[in-house]
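The values are calculated or read from the model by the stated rules, or taken from the named source; none is laboratory data. Fair warning: this is a prediction, and the values are worked out from it, not measured in the lab. Cβ sites come from the backbone with ideal geometry, for glycine too, and all protein chains shown count toward neighbours. To get the accessible areas, we keep the full protein, side chains included, count just its heavy atoms, and leave off ligands, DNA and RNA. Shrake-Rupley method; radii C 1.70, N 1.55, O 1.52, S 1.80 Å.
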Amino acid sequence: MKIYFHLSLEEFTNSYVIVNELPSVRQAIIIDPGKISPDIIRQLEDGNYTLTAVLVTHNHRNHVLGLPTLNKIYSPRVYAADYEIAGTPAIVLNGDGKISLAGLDISYFSVPGHSFDSMVFKIGNVMFTGDTLTSGVIGETSSKYSKKLLCDNIRAKIFSQTDDTVIMPGHGPPTTVGAEKLYNLDMSATGSALR
């Protein structure tokens, strides 16, 4: 498995292309298609990868803007906690569970708080958190209740992972579970940081 990071400068969002390079597989997954650049298309085509699926961490416009472009070129299945993403029907993921796509085992976790449909995906030792958790802060929330819900979910579903688990957020640089336990300002401010 290889993970390729792509930044949309217009939206300042991160998209990730995950490829399974095994000759018998040669498949790819895109997480949060914020913008589909020529580089992403070239990467898929030059690598001779079949785009199997798109995983969506939450249905906010800047994280799914590129989905209509993908649908014009490929026929990926879309997986999300919402029924429709950018006009595309999705396979709905509820709660926590596991799926196998592109020859990879993927765990998914429902982590509401930033949005009702926020999901976190884990492949190997890497978690893709969307806006749930970024380096040093949590996602924006609309109320104290939502913030508490989000912090509780982060503690239970993300901070319960090993400290060396890599976090690939929807915005900003990567981080680790261990670093967030120690330095995440929002989790510390709510008294919920694990030490």
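The GNM of the chain, with springs linking C-alpha atoms under 10 angstrom apart, assigns the highest mean-square fluctuation among LEU44, LEU150, LEU55 to LEU44. Close amide H partners of THR134, meaning residues 5 or more places away or on another chain with modelled amide H under 5 Å apart, are GLY139. For GLN27, the residues whose modelled amide H falls within less than 5 Å of its own, excluding neighbours fewer than 5 places apart on the same chain, are ASN20, THR50.
The equivalent ellipsoid that matches the C-alpha gyration tensor of region 71-128 spans semi-axes of 19, 17, 9 angstrom, in descending order.
Report, in deg cm²/dmol and to the nearest 500, the calculated mean residue ellipticity at 222 nm for the chain, where each DSSP H run with n ≥ 4 adds -39500 (n - 2.57) and the sum is divided by the residue count. Before the final figure, lay out each step's value.
Values: 6 runs with 42 residues, N = 195.
Taken over the chain, the calculation gives -5500 deg cm²/dmol.
Shown here for region 1-94: GluC sites (Glu not before Pro) in loop regions (DSSP other than H, G, I, E, B) with at most 14 other Cβ atoms within 10 Å, namely GLU10, GLU21. The portion of the accessible surface of the chain made up by carbon and sulfur, rounded to a whole percent, is 54 (1.4 Å probe; DNA, RNA and ligands excluded). Net charge near HIS63: determine it from the other residues with C-beta under 9 Å of the C-beta of HIS63, scoring Lys and Arg +1 and Asp and Glu -1. Value of the local net charge: -2.
Between helix 144-153 and the chain there is an angle of about 70 degrees, using the helix long axis and the longest principal axis of the Cα atoms.
All other residues whose Cβ lies under 11 angstrom from that of MET1 are scored, Lys and Arg at +1 and Asp and Glu at -1, for a net of -1. Remark: the ASP39-ILE73 segment gains 10.8 nm on full extension, using 0.36 nm per residue and subtracting the alpha carbon distance. Heavy-atom accessible area with a 1.4 Å probe sorts ARG77, ARG26, largest first, into ARG77, ARG26.
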